[in-house]
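Below is one structure, written out as structure tokens, with a few remarks after it.
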Amino acid sequence: MSLRVSPTYVLDDPLENFIVGRDLVSQALNGQWQKAETHRLGYENSEDAVSWNVFRLLQEAGLLTAVASALTEESFTVEPDLILWGHRVTQNAAHDVPELQVALDTLEHGYAQQTEPDVILRVPGWGWVFIEAKLASPSPKVEKHKFDSWVKRYIDPSPTVFDKEAVLAAGHANVHGQLARNVAVASSALIGGERAVVVALVRKKDMPKVDGWGASIVVSHGPVTTSSASWEDFYVLAQAAAEPPSSLLEFMRGKSVGLRQAFDVGQ
């Protein structure tokens, strides 16, 4: 392990950052399935590592149905597919998601590195829950020099989802670029009458910074809606389960960011 000035640390062996599904993570590190920025998986502040640990543990505890219901305010009875790092994750394998790839090829044709959604829950017969996970800081805004091309790339192809005039009026400094990009990808991935929700997932202390992030730029009553949630919400949900997953609760209590307790969940 090496320390950084921030302060933070980077693990010499990235696998030490994972407490579940290590065989699959090892396959990604070895290039057996495509994962962007594998060099960051050993970072203390890695959002990919935290997303993997939390959602894989929720999956193993059979709690993804409850998570999807909470995030969409729907009442589901079927277990969603879990898509992490752009791949549908089952017990022993990571699978391609063709309909997601079609959407990415439509929006980002020719990109050397396409968007890699952090977490997706695919609810059979309903649609998609896209989750943009942030840990050390809330979702960034669009860079000024990229705003025009960003609008052309993601806003223009989705006129029934975005209010372009509102996007332009808000300007680069007020548009959460990664979150809005997920809206565009979700819209392109919809099949038939499917719906989608794009969720800003942050720590509880950062919730005010993303509250209502999509209200002014995403068309109301359209096929894609927006919301926000905190990591701590999942801790509460897990605590309330009939059989609380101890590994998840212990992980969230012990996880650090900047060498300090990451989540407001007590000790």
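Heavy-atom accessible surface of Val210, to the nearest 10 Å², is about 0 Å², with a 1.4 Å probe and all protein chains retained.
The alpha-carbon atoms of the chain, seen along their principal axes, cover 46, 46, 38 angstrom, with the largest extent given first. Packing around the peptides 153-165, 176-188, taken as the average count of other Cβ atoms within 10 Å per residue, puts them in this order, highest first: 176-188, 153-165.
In degrees between 0 and 90, to the nearest 10, how far off the longest principal axis of the chain does helix 177-189 point, with axes built from Cα atoms? Value to nearest ten degrees: 70. Across bins of 5 angstrom width beginning at 0, how are the C-alpha pair distances of segment 1-106 distributed, in whole percent? Here the calculated profile for segment 1-106 is 2, 11, 19, 20, 18, 14, 9, 5, 1, 0.
If Ser149, Ser256 are ordered by their accessible area, calculated over protein heavy atoms with a 1.4 Å probe, which sequence runs from highest to lowest? Before the final figure, lay out each step's value.
Details: Ser149 75, Ser256 25 Å².
Final ranking, largest accessible area leading: Ser149, Ser256.
Got a number for carbon plus sulfur as a percent of segment 146-239's accessible area, 1.4 Å probe? Using a 1.4 Å probe with all protein chains present, segment 146-239 comes out at 51 percent carbon and sulfur.
Using every Cα-Cα pair within segment 173-249, state what percent have a distance larger than 15 Å. Spell out each step's value before the answer.
Working: 1818 of 2926 pairs.
Here the long-distance tail beyond 15 Å is 62 percent of all Cα pairs in segment 173-249.
Taking the C-alpha atoms only, the angle from helix 98-107 to the longest principal axis of the chain is near 50 degrees. Cross-link reach is defined here as a Cα-Cα straight distance under 16 Å, omitting same-chain residues fewer than 8 places apart; for Lys134 the aspartates and glutamates meeting it are Glu37, Glu44, Glu47, Asp48, Glu116, Asp118, Asp206, Asp211, Glu232, Asp233, Asp264.
Using the structure shown, select from Lys141/Lys164; Lys205/Lys255; Lys141/Lys205; Lys144/Lys255; Lys144/Lys164; Lys35/Lys141 the pairs with a Cα to Cα distance greater than 27 angstrom.
Values: Lys141/Lys164 16 Å; Lys205/Lys255 15 Å; Lys141/Lys205 18 Å; Lys144/Lys255 34 Å; Lys144/Lys164 17 Å; Lys35/Lys141 24 Å.
Beyond 27 Å: Lys144/Lys255.
For segment 61-75, the Karplus equation 6.51 cos²θ - 1.76 cosθ + 1.60, evaluated at θ = phi - 60°, returns couplings of 8, x, 9, 5, 4, 5, 5, 4, 4, 5, 6, 9, 6, 10, 10 Hz by residue, with Gly and Pro reported as x.
So for the pair Arg253, Met207, with labels modelled 7 Å out along Cα→Cβ, what separation do we get in nm? Label at Arg253, label at Met207, 2.2 nm between them.
Highest-first packing order for the peptide set 26-32, 131-137, 108-114, 220-226 is 131-137, 220-226, 26-32, 108-114, based on the mean count of other beta carbon atoms within 10 Å.
For segment 1-118, the fraction of 1.4 Å probe accessible surface lying on carbon and sulfur atoms is 45 percent. Per residue, the chain exposes 47 Å² of solvent-accessible protein surface, assessed with a 1.4 angstrom probe and all protein chains in place. Antiparallel beta bridges, as assigned by DSSP with both residues in the chain, represent about 60 percent of the total such bridges.
The values are calculated or read from the model by the stated rules, or taken from the named source; none is laboratory data. Quick caveat: nothing in here was measured; it's all calculated off a predicted structure. Every residue, glycine as well, gets a Cβ built from its backbone with ideal geometry; the counts of neighbours run over all protein chains shown. Accessible surface is based on the protein model in full, side chains and every heavy atom, while ligands, DNA and RNA are left aside. Shrake-Rupley method; radii C 1.70, N 1.55, O 1.52, S 1.80 Å.
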